[in-house]
Amino acid sequence: MKITSAEFIISAPALGQCPPAHRPEFALIGRSNVGKSSLINSLVGRKGLARVSEVPGKTQLINFFEINQAWRLVDLPGYGYAKVAKTQRHSFNVAVHDYLKERQNLRCVFVLIDANVPPQEVDLDFLRWLAETEKPFVLVFTKTDKLSQPKLEASRHAFTKAIEGWWGDEAPDLLNYSSRTGTGRSQLLQVIQGCLKN
Ligand code: GTP
Ligand code: MG
């Protein structure tokens with residue numbers, strides 16, 4: 001799929017402030033700093049579209065980007081970032097939960113997992129919750145450029161093991177991605193294209 005246009009539409013603090021739901025949406029979620037904004041920029045080939053920061057917890061609103069004037073990427077606030085004020089974190093979690101549960105035009109959730117760390121309880125917790133919602137999702141292993149092939153394999157194995165059996169015999173896809181090198185980009189675009197056809 002060729003990306004011909006990509007533009008930021010709006011930041012929404014809650015489900016009620018989200019833009020009209022007439023375009024198919026693909027949402028990115030994961031721990032703070034996992035590389036959500038970087039993935040959006042690399043996927044659409046626009047460096048400064050989504051804000052990338054060294055400081056975790058930067059994306060604190062639901063950010064909507066319209067691609068090819070046909071579908072949207074949705075950058076969700078990172079979960080598990082303790083330094084955001086408690087009340088604030090709570091409200092964002094509610095916004096994210098509402099969005100993931102209620103948004104009718106949500107086609108697929110991309111759950112980003114840092115390939116460089118062992119399985120984290122906060123990721124597993126989220127996946128348990130997501131499994132219950134029965135929403136379509138794809139697991140995306142991020143920052144794979146930082147690992148040697150054997151270390152990456154070991155990390156994939158550890159994560160796959162941690163979620164073994166959660167979806168019966170059908171293990172979810174785990175896509176390698178690097179915003180630095182572009183690994184996984186064409187595969188992820190294929191996933192999107194597939195969802196848009198249905
Ligand atoms: P929040 O919005 O704070 O939740 O973070 P985020 O998930 O949007 O992460 P972001 O894209 O801002 O990236 C966080 C840091 O990881 C930045 O320093 C990025 O440069 C770095 N990073 C992101 N993706 C990659 C990658 O594929 N490879 C490497 N080596 N670094 C990456
Ligand atoms: Mg971000």
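The values are calculated or read from the model by the stated rules, or taken from the named source; none is laboratory data. The structure displayed is predicted, hence computed values, not measured ones. Cβ atoms come from the backbone with ideal geometry, glycine included; neighbour counts cover every protein chain shown. Just so you know, the surface numbers come from the protein's heavy atoms only, side chains and all, with ligands and any DNA or RNA stripped out. Shrake-Rupley method; radii C 1.70, N 1.55, O 1.52, S 1.80 Å.
Annotations for the structure displayed:
- Given LYS2/LYS36; LYS47/LYS135; LYS151/LYS197, the pairs whose alpha carbons are separated by over 28 Å: LYS47/LYS135; LYS151/LYS197
- Restriction of the trypsin sites (Lys or Arg not before Pro) in the stretch 144-198 to DSSP coil positions whose beta-carbon has at most 13 other beta-carbons within 10 angstrom yields ARG180.
- Of the GluC sites (Glu not before Pro) in the stretch 136-198, those whose Cβ has at most 11 other Cβ within 10 Å and which sit in DSSP loop: GLU164, GLU170
- Dipole magnitude (debye, nearest 20) for the chain, charges at Cβ of Lys, Arg, Asp, Glu: 660 debye
- Distant-in-sequence amide H partners of ILE10 (H built 1.01 Å from N, under 5 Å): PHE64
- The chain, relative contact order in percent, only Cα pairs under 8 angstrom and at least six apart counted: 24 percent
- Remark: the stretch 96-106, residue by residue, has Karplus-estimated 3J(HN,Hα) of 5, 4, 4, 4, 5, 7, 9, 5, 6, 8, 6 Hz, where x stands for each Gly or Pro and the curve is 6.51 cos²θ - 1.76 cosθ + 1.60 at θ = phi - 60°.
- Ellipticity at 222 nm from helices only: DSSP H runs of n ≥ 4 in the chain, each -39500 (n - 2.57), divided by the residue count, give -10500 deg cm²/dmol.
- Residue (of THR4, TRP129, LEU188) at the positive-pole extreme of the chain, dipole from beta-carbon charges: THR4
- For the chain, fraction of C-alpha pairs farther apart than 27 Å, in %: 24 percent
- In the stretch 117-198, the C-alpha radius of gyration followed by the widest Cα-Cα span (Dmax) gives 13.6, 37 angstrom.
- Applying the Karplus relation 6.51 cos²θ - 1.76 cosθ + 1.60 with θ = phi - 60° to the stretch 111-124 yields 3J(HN,Hα) values of 9, 8, 10, 6, 5, 8, 10, x, x, 9, 4, 5, 5, 5 Hz, where x marks Gly and Pro.
- Per residue, in Å², the accessible surface of the chain once ligands and nucleic acids are set aside, probe 1.4 Å: 52 Å²
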